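Reading through the structure tokens given below for one structure.
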Amino acid sequence: MVELVAETEASGSLELAAAARLPAAAVLDRLGVQASGLGGSEAAERLRRFGPNVLLTHRVTAWGVLGRQVKNPLLILLVLAAAVSGLTGDPTDAAIITVIVGLSVGLGFVNEYRSELAVAALHANIRHQALVMRDGVQRRIDVRDLVPGDLVSLGIGDLVPADVRLVETVRLECDEAVLTGESIPSAKSAKPIERSDSEVDLACCAFMGTIVHQGSAQGVVVATGSETAFGRIAVGLGAPPTLTAFQVGLQDFSKLLVWVAGILTAFIFAVNVIFDRPVVDALLFSLAIAIGITPQLLPAIVSVSLSSGSRALARRKVLVKRLVTIEDLGNIQVLFTDKTGTLTQGAISFDRSLDPAGRPSVDPLRLGLVCNEATLTSRGPVGGNLLDQALWTAPDVAAVLDRPDGPGSYARLGILPFDHDRQMVTVTAATPDGGAVLVTKGAPEVVLARCSHVAPEAGAVLERLFGDGARVIAVATRDAASGAGPTPDDEHGLELAGFLTFRDPAKEDAGASIAQLAALGIEVKVITGDNGAVAARICRDIGLTLRGVVNGTDVAALSDDALSKAIPDTTVFARVSPEQKARIIKVARRLGEDVAFLGDGVNDAVALHSADVGISVESATDVAKDAADIVLLEKSLGVLADGVKEGRRIFANTMKYVLMATSSNFGNMFSAAGASLFLSFLPMLPSQILLNNLLYDFGQLAIPTDRVDPETVARPATWDIAFVRRFMTVFGPVSSIFDFGIFYVLLVILNAGHAEFRTGWFVESLATQTLVVFVIRTRRVPFFHSRPSAAMLITPTAMAALGAIVTFTPLAPALGFSALPVAFFLILVAMVIAYLVLVEVTKSRFYAREKGRSVRPKTSHEERLRRRIRRRTGRFIRHEIAHLR
């Protein structure tokens, strides 16, 4: 015992291993906590001392964002080459290059840093709560505010919020796979242990990040935040988040351009060296060209698009836990959703208490209050599920409580909590007359199967209630063999006491939401633990076409191949277990479509993991929110439809930048390579190339604000690098045609010198690069049938004009520019108009040919599975508990 005392630190602090070897009462004493819990002032002092109960494995820092901006090896090589150039004779040009590079880096830094701060602010909106005893009253508080010494209650489906020494347990089992890798839940008790071979092998403790698989418990918090076993792993885990399909697409596109840029840059450098041009000048020119084609602003454009989209989604009550999942949200084709709160109002109210013959009777309500996992407090019912809480708010509850044989006259002796396998909760209680009774409450089909005898009229009553769309709970009793706590073996030989019915009417806007999703090409299917007749009635009420109902027993009897054939013709999957939900989702994904699942309960967590996009709600269990990719602040399919449209809009605008980069930058590479073959001088100075690229990048920052055509958001879209490659090989040469045209004008018609030539190409190149976005941004006829946003209209046009104006400013000589005649600008206007018209004609023919190709390339099931595994690995540690961005 002396050794244990030595392990105890200052008041309020205790090592978990030491606490595991102490009796529960001694742990409470060492932590300085009474049965009434901590007082408010003491909790505040401990919060100040120990810090918030969070894991901060990643922070938004300016230096971190800046480091990502300057990590480009081409950029570093260019600055070094500019420094060599400055030291060997051209300090002015070297200084200009350095300034322009600094402005480019600053542009990307400002946008990405603001985006990360916005995401961090949005992440703070996703909260978890714990049921805690404070000042003698149970209340729910944010898990961030938990401190050592807090008394917490744990129930089925809860995510354990800290390292806890258990004080009382009722058949408690915890899923500790996140810590141990073991798939079998670990049984827990409140008894102290003598020794342990591992710091996470403590049977009387529950660990942060693990899940209550079965039963219930009360415990005292011993460690929080990074001091927990989970926290030590998370803090030591430095691996970056895994990549989504959206990020993989971005990487593939960047690799494509870098590969092309590498080949052409090497060719341009070799040509210039062969023609006896200065090596340093040739290197600077080649590097500047390479930086011009590499999608240097792509991370900033994507960050701006996603962060602005995330803010727009937040205004629509949709929170994304990781920005890149916005694109996945836009790809949804099939949505599996639960029924309660999504298709229905979610405001479950008690309706009637009926005897087995369907006559009004107070007994089922009275017994239902005895067998209830919710506790009535001054603030209302706490704990339990919605049905348990609804019983305490029933209109007749006051009269029932005042009866001599009311719930208060029963002394609970033990409880067997609800679990999703049994679908029941059972208590043993001492009766007012000194006897003992066992009371069971649960799914009617399950309870009736445990009864020794059921009158025929009871079955008819139940079918009638289901047909009316009522949610029904059956209540049954029998004499208890002893005063001990019940076991599953005791749940037999029951006598049916009657039924409790509840109402949860359909949402008024559910039908309109279903129509919205249908217009987006999304098919809605209902997957529920409720009765099939009830779910079918709700579907009919909201106008959802009912093509078939399959029950959990049918699912169990079907092979995966048979289930895959049944899914397209089924609208409702009823009375399914958590494992069956996940199996249905997995099999549905094998059909080659992107599948989303919307759920909010602990029994939905596995299915949320299995879906391409897991969607939960703010009021969901912690486990469901942790398993989800998207959290809805309002449980509504209409809100989800808005999120899908926003996801597709963001992806469409990102693709506009991608197509811009391929049509203009790739063409410039060809033009630079061609010019190097016949010119005796560099066609553009490195500083001019970088300035051109900087102004071009500024012009594209308006893309995230642009409007998107309705037909674009009406269908899912995904990365197709083959399409991007085809686009590049068609539109890149079109851009080069006009570059060579301006070369002819400058050299033959205007007899331009070196400075005039470079100035002319700079102005023409910037004008065609920036203005072509008006044609490429839509498949429609621009301006007439598709109008850009105001920012999209003004910004690129202003950058093109600024490029021309700068050649007349006092900066022009330093930048190597020379004044151009008015005739050049007249010719330029005509050429730009001709260029945009040719691009429009080419665009029409290009997309006409594309219609003959597959609209949406299918990804193999194996590849989709690999991506899912990569995406989900380490989710709890890396993203949700640690709140990573």
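Observations
- Out of L793, L747, sole residue that is open to solvent by 20 Å² or more (accessible area, probe 1.4 Å), among the aliphatic types (A, V, I, L, M) and under 15 Å from N653 (Cα atoms): L793
- From the list V439, V461, the lone residue that is open to solvent by less than 50 Å² (accessible area, probe 1.4 Å), within 27 Å of H213 (Cβ to Cβ) and either in contact (Cβ under 8 Å) with a residue 60 or more places away in the chain or not polar (S, T, N, Q) (or both) is V439.
- Criterion violated by S452 - all others in (1) open to solvent by 30 Å² or more (accessible area, probe 1.4 Å); (2) of a type outside the set (K, R); (3) closer than 11 Å to C371 by Cα; (4) modelled with pLDDT of 90 or more satisfied: (3)
- Some residue of the stretch 290-301 being open to solvent by less than 20 Å² (accessible area, probe 1.4 Å), modelled with pLDDT under 75, out of contact with any Ser or Thr (no Cβ under 9 Å at 6 or more places or on another chain) and under 30 Å from L682 (Cβ atoms): yes
- Criterion (in a helix (DSSP H, G or I), of a type in the set (V, I, T) and surrounded by fewer than 12 Cβ atoms within 10 Å (Cβ to Cβ)) met by exactly one of I833, I827: I833
- In the stretch 804-828, the residues that are touching a residue at least 60 places away in the same chain (Cβ under 8 Å) form Cβ pairs under 7 Å with partners that are open to solvent by 40 Å² or more (accessible area, probe 1.4 Å) and charged (D, E, K, R), at six or more places apart or across chains, as follows: S818/E756; L820/E756.
- Restricting attention to the stretch 569-581, the residues that are touching an Asp or Glu at 6+ places or on another chain (Cβ under 9 Å) and either open to solvent by 10 Å² or more (accessible area, probe 1.4 Å) or within 19 Å of T621 (Cα to Cα) (or both) total 4.
- Those residues of the stretch 765-784 which are open to solvent by 40 Å² or more (accessible area, probe 1.4 Å) and over 34 Å from the mean Cα position of the chain (by Cα), in sequence order: V781, F783, F784
- Counted as qualifying within the stretch 525-576 are the helices (runs of 4 or more DSSP H) with 2 or more residues that are touching a residue at least 60 places away in the same chain (Cβ under 8 Å), namely 532-542.
- Tallying residues that are out of contact with any Gly (no Cβ under 8 Å at 6 or more places or on another chain), assigned to a loop (DSSP other than H, G, I, E, B) and open to solvent by 10 Å² or more (accessible area, probe 1.4 Å) within the stretch 342-383 yields 10.
- Long-range neighbours under 8 Å by Cβ, at least six apart or interchain, first residue in a helix (DSSP H, G or I) within the stretch 26-43, second crowded, with 19+ Cβ neighbours inside 10 Å and modelled with pLDDT under 90: V27/L14; R30/L14
- Meeting the requirement of 3 or more residues that are farther than 19 Å from K317 by Cα, no strands (runs of 3 or more DSSP E) wholly within the stretch 589-638 can be named.
- Looking across the stretch 515-549, the residues that are of a type in the set (A, V, I, L, M), in contact with a strand residue (DSSP E or B) (Cβ under 6 Å, 6 or more places away or on another chain) and open to solvent by less than 20 Å² (accessible area, probe 1.4 Å) come down to L517, I522, V524, V526, I527, A535, A536, I538, I542.
- Of the residues screened, L496 is one that is on the phi < 0 side of the Ramachandran plot, surrounded by 20 or more Cβ atoms within 10 Å (Cβ to Cβ) and in a strand (DSSP E or B).
- Matching option when the condition is within 22 Å of the chain's Cα centre (by Cα), at pLDDT 75 or above and either within 26 Å of S41 (Cβ to Cβ) or not basic (K, R) (or both), among V170, V143, V164, V178: V143
- Flag for L685 being more than 42 Å from the chain's Cα centre (by Cα) and open to solvent by 30 Å² or more (accessible area, probe 1.4 Å): yes
- Taking the stretch 404-421 as the range and being open to solvent by 30 Å² or more (accessible area, probe 1.4 Å) and touching a Gly at 6+ places or on another chain (Cβ under 8 Å) as the test, the residues that pass are L413, I415, F418, H420.
- Matching entry among L335, L313, L401, L386 (being under 30 Å from S564 (Cα atoms) and either open to solvent by 30 Å² or more (accessible area, probe 1.4 Å) or out of contact with any Pro (no Cβ under 8 Å at 6 or more places or on another chain) (or both)): L335
- Of the residues making up the stretch 384-406, those that are touching a strand residue (DSSP E or B) at 6+ places or on another chain (Cβ under 9 Å) and either part of a loop (DSSP other than H, G, I, E, B) or under 16 Å from V437 (Cβ atoms) (or both) are G384, N385, T393, A394, P395, D396.
- Options R845, R864, R878, R871: the member that is surrounded by fewer than 16 Cβ atoms within 10 Å (Cβ to Cβ), outside any loop (DSSP other than H, G, I, E, B), of a type in the set (K, R) and modelled with pLDDT under 95: R845
The values are calculated or read from the model by the stated rules, or taken from the named source; none is laboratory data. Predicted model, so just to flag it, every value in this text is computed and none were measured. Don't worry about glycine lacking a Cβ; one is built from the backbone with ideal geometry, like all the others, and counts go over all protein chains shown. In case anyone asks, the SASA skips ligands and DNA or RNA and just uses the protein heavy atoms, side chains included. Shrake-Rupley method; radii C 1.70, N 1.55, O 1.52, S 1.80 Å.
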